[in-house]
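To keep things clear, I will list the structure first and then write my remarks on it.
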């Protein structure tokens, strides 16, 4: 274990006496400490109570579990001791002001994938750090900025291992929680997503609701060796975005959560500020890409605090291919006459 750099040492080296970075480092440290507590709750599971019990309906009509509420409280309380002006959370209607005038604001998805609590599937915490704006940091407008303005982002995955995946704009690094010492240790520095992969993640049960470009892309993949792609693919779907992101950082591939024809899903379902933007930052820093199906996520300016968007991320070549299906379906169409107008799953 001694050969692995501790998170606090990593952050100290990164600051290099830069005061503007010091606030970011302290905030990341506070988030990491809170996530250790959340990891203990997740690991205890039913020994800590009915963590999956529904407690309330949150912003946008999503249900909140007991663990959602507990995770949010742990994180917000931890940030009260950091140089954070305000925090916005997927679990809260409006931002919470903490230390007016502090240099950093934080956006949180306290518990991504909480529908998986009872099934013991990996879930996680997502965070995004922005410099405090000139306007009031307690107003939603403070967070309505393009993702390229982030100074740091990451997630903590609560699985067989507890992993902290972090970018401070200098690559994407993975830390693993050493349960003996209670420290996050750097185990995979400067992760790079493979350009090509035979894995994709999408919820195929919604196929009847997808638009034409997504159907076309999906059909090409499912056609396998006999189709226009000329190779077989494997489909994955965990219903926990952080778990999907972690697999993609490790093995490559693409994650697709498109907008579709269902009511409430036409403009996508994942939240731009709390989910799409930080994951996009991590993916790009690891050599991957992230888009809405037409536009780069990090160039998208939120119009409202809880705005939802389609989200596609992963291996750059595959993201570009699916974007091309949306921008110019004729040019991206299949080359084989057999699949030129119809696919395996088309009527």
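The values are calculated or read from the model by the stated rules, or taken from the named source; none is laboratory data. All values derive from a computational prediction rather than experimental measurement. Cβ coordinates were reconstructed from backbone atoms using ideal geometry, including for glycine residues, and neighbour counts include every protein chain displayed.
Under the condition of being in a loop (DSSP other than H, G, I, E, B) and in contact with a strand residue (DSSP E or B) (Cβ under 9 Å, 6 or more places away or on another chain), which residue from the range 243-267 is farthest from residue 154 (Cα to Cα)? Ranking the qualifying residues of the range 243-267, first place goes to 264.
The rows are residues; the columns are (1) more than 22 Å from residue 289 (Cα to Cα); (2) modelled with pLDDT of 95 or more.
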site	(1), (2)
187	yes, yes
195	no, no
205	yes, yes
209	yes, yes
226	yes, yes
232	yes, yes
242	no, yes
264	yes, no
267	no, no
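Close contacts from the range 80-93, counting a first residue that is at positive phi and a second that is at pLDDT below 95 and in a loop (DSSP other than H, G, I, E, B), with Cβ to Cβ under 6 Å and a gap of 6+ residues or different chains, come to none at all.
For the range 1-20, taking the residues that are touching a residue at least 12 places away in the same chain (Cβ under 8 Å) and within 15 Å of residue 82 (Cα to Cα), the one that is surrounded by the most Cβ atoms within 10 Å (Cβ to Cβ) is identified as 11. Could you pull out the residue among 70, 92 that is under 21 Å from the mean Cα position of the chain (by Cα), assigned to a helix (DSSP H, G or I) and assigned by TED's automatic domain parsing to the domain that holds residue 23? Of 70, 92, the one residue that is under 21 Å from the mean Cα position of the chain (by Cα), assigned to a helix (DSSP H, G or I) and assigned by TED's automatic domain parsing to the domain that holds residue 23 is 70. Every listed requirement among (1) touching a helix residue (DSSP H, G or I) at 6+ places or on another chain (Cβ under 7 Å); (2) over 16 Å from residue 270 (Cβ atoms) is met by residue 118 save one, (1).
Scanning the range 184-201 for residues that are crowded, with 18+ Cβ neighbours inside 10 Å and more than 30 Å from residue 11 (Cβ to Cβ) yields a total of 4.
Only one entry of 128, 114, 137 meets the criterion of being crowded, with 21+ Cβ neighbours inside 10 Å and more than 20 Å from the chain's Cα centre (by Cα), and that entry is 137. Residue 319 meets the stated requirement of being touching a strand residue (DSSP E or B) at 6+ places or on another chain (Cβ under 6 Å), more than 22 Å from residue 156 (Cβ to Cβ) and assigned by TED's automatic domain parsing to the domain that holds residue 246. Do we find a residue being modelled with pLDDT of 95 or more, outside any helix (DSSP H, G or I) and crowded, with 20+ Cβ neighbours inside 10 Å anywhere in the range 314-336? Taking every residue of the range 314-336 in turn, at least one turns out to be modelled with pLDDT of 95 or more, outside any helix (DSSP H, G or I) and crowded, with 20+ Cβ neighbours inside 10 Å. Only residues that are touching a strand residue (DSSP E or B) at 6+ places or on another chain (Cβ under 7 Å) and either closer than 24 Å to residue 305 by Cα or modelled with pLDDT of 95 or more (or both) were counted in the range 43-76, giving 16. Taking the criterion of being within 30 Å of residue 262 (Cα to Cα), outside the structural domain of residue 15 (by TED's automatic domain parsing) and assigned to a loop (DSSP other than H, G, I, E, B), would at least one residue in the range 180-196 satisfy it? No: the range 180-196 contains no residue that is within 30 Å of residue 262 (Cα to Cα), outside the structural domain of residue 15 (by TED's automatic domain parsing) and assigned to a loop (DSSP other than H, G, I, E, B).
The residue that is nearest to the chain's Cα centre (by Cα), counting only those in the range 222-242 that are part of a helix (DSSP H, G or I) and surrounded by fewer than 22 Cβ atoms within 10 Å (Cβ to Cβ), is 222.
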